[in-house]
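Encoded as structure tokens, the structure appears first; notes follow it.
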């Protein structure tokens with residue numbers, strides 16, 4: 001459904017709707033450019049693989065909790081709610097100057113495509129393996145998938161410029177973001193590999209030099225990284241939707257699976273009067289918990305605001321940012337800490353995390369030493385004669401695209417006692 005037609009929405013110029021490569025559009029096409037982006041993402045193989053990638057709790061813990069796919073779908077729904085709330089209630093927005101619902105939903109569905117198997121622990125393992133070859137970072141892999149790997153090998157899914165802006169949370173080259181840090185196990189936050197800089201430069205072409213400098217601004221961290229401090233306004237909205245989905249639904253999963261006792265959630269909420277009327281009855285526990293999680297999501301969504309940045313520009317990409325009211329941001333932070341303390345650092349999750357890191361490192365070493373373990377197309381690329389750095393990126397792309405279960409299956413075939421007849425090549 002087209003909520004706001006782009007040709008009547010002053011928030012989006014022809015530069016925002018542009019693609020790196022012109023494509024034929026059928027005269028029967030009824031979708032606008034952002035809805036075509038949505039379709040390309042939903043029908044991509046990378047999107048389907050999210051169904052078997054870890055969100056926080058691995059698949060072995062149960063069969064009803066979130067995966068990367070369901071998390072992305074829920075983040076998209078929350079992003080949609082925020083867009084509708086701001087378009088309806090913020091005086092700076094209206095029918096002819098508004099955030100695009102389809103754009104934000106598409107970006108939310110795409111924002112985690114680059115995450116490797118085994119979540120952030122898999123990300124750390126791949127960065128360790130790739131440290132001498134340009135590094136690895138899940139957000140940078142997302143940009144690479146959308147602009148190069150998925151679909152056409154030159155322009156990827158050939159998405160609109162506005163869509164790319166919406167998923168670039170950290171507008172900096174990974175090599176630059178490393179700064180003076182020498183810890184190979186922890187990647188800095190960055191959205192671009194050096195090898196994908198051309199697509200990033202195309203994205204930024206319409207900006208003036210001052211706007212580029214502002215957009216790519218950074219500050220040093222205590223660890224020596226260069227941390228970016230700005231993003232496009234749609235991306236700031238998406239980041240909030242992602243965080244809201246993460247803390248609320250992961251808390252719900254963790255309680256249902258026994259990682260967190262419900263009393264600890266009620267303790268966190270005890271100083272917020274908006275939630276005093278909620279009870280978790282023993283005989284209606286799951287229903288009451290669902291109602292509480294729903295109330296939490298609404299509390300956060302209704303607390304978003306559109307703020308102006310300190311920059312003179314006509315582009316709403318940089319002029320505005322979406323933020324959360326301070327007391328609601330405080331609750332979001334407390335819930336995030338609860339998940340980290342009780343789930344992320346639990347023995348169960350840490351055990352699987354260690355196993356995941358080990359598996360990825362073993363797969364990387366094996367495939368670097370024996371390219372015949374790679375799919376046919378990747379083997380052909382390597383045999384055509386490429387540098388060791390490019391070879392490592394080919395191996396990295398293949399492993400990063402694996403689901404958790406497929407990575408374990410390949411590992412078992414290479415190093416375990418599994419039945420070789422059960423091995424299905426991943427083309």
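Figures for the structure shown
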| quantity | calculated |
| --- | --- |
| Top-ranked residue of segment 223-279 - restricted to ones that are touching a strand residue (DSSP E or B) at 6+ places or on another chain (Cβ under 7 Å) and closer than 25 Å to residue 72 by Cβ, ranked as surrounded by the most Cβ atoms within 10 Å (Cβ to Cβ) | 237 |
| Helices (runs of 4 or more DSSP H) within segment 185-258 that include 3 or more residues in contact (Cβ under 8 Å) with a residue 40 or more places away in the chain and not assigned by TED's automatic domain parsing to the domain that holds residue 120 | 233-256 |
| Close pairs (6 angstrom Cβ cut-off, 6 or more residues apart or separate chains): in the same structural domain as residue 392 (by TED's automatic domain parsing) and within 11 Å of residue 119 (Cα to Cα) in segment 349-365, modelled with pLDDT of 95 or more and surrounded by 15 or more Cβ atoms within 10 Å (Cβ to Cβ) anywhere | 357/125 |
| Residue check for residue 138: in the same structural domain as residue 45 (by TED's automatic domain parsing) and more than 16 Å from the chain's Cα centre (by Cα) | no |
| Hey, residue 167 in the same structural domain as residue 107 (by TED's automatic domain parsing), touching a residue at least 40 places away in the same chain (Cβ under 8 Å), more than 21 Å from residue 216 (Cβ to Cβ) and in contact with a helix residue (DSSP H, G or I) (Cβ under 8 Å, 6 or more places away or on another chain) or not | no |
| Residue satisfying condition, being free of Cβ contacts under 8 Å to residues at least 40 places away in the same chain and over 20 Å from residue 341 (Cα atoms), within set 285, 272 | 285 |
| Residues of segment 11-24 classified as assigned to a loop (DSSP other than H, G, I, E, B), at pLDDT 80 or above and farther than 15 Å from residue 234 by Cβ, total | 6 |
| Tally, over segment 15-55, of residues that are touching a strand residue (DSSP E or B) at 6+ places or on another chain (Cβ under 8 Å) and within 28 Å of residue 204 (Cα to Cα) | 1 |
| Residue within segment 348-363 that is in contact with a helix residue (DSSP H, G or I) (Cβ under 8 Å, 6 or more places away or on another chain), farther than 30 Å from residue 271 by Cβ and not in a helix (DSSP H, G or I) present | no |
| Matching residues, segment 80-110, being under 28 Å from residue 143 (Cα atoms) and part of a loop (DSSP other than H, G, I, E, B) | 98, 99, 100 |
| Selection from segment 344-372 of residues that are crowded, with 21+ Cβ neighbours inside 10 Å and over 20 Å from residue 402 (Cβ atoms) | none |
| Residue in segment 370-388 that is closer than 30 Å to residue 216 by Cβ and not in a helix (DSSP H, G or I) present | yes |
| Conditions (1) at pLDDT 95 or above; (2) loosely packed, with under 15 Cβ neighbours inside 10 Å; (3) in contact with a helix residue (DSSP H, G or I) (Cβ under 7 Å, 6 or more places away or on another chain): number failed by residue 397 | (2) |
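The values are calculated or read from the model by the stated rules, or taken from the named source; none is laboratory data. Being a predicted model, the structure only gives us computed values, none of them experimental. As a convention, Cβ positions derive from the backbone with ideal geometry for all residues, glycine included, and neighbour counts pool all protein chains shown.
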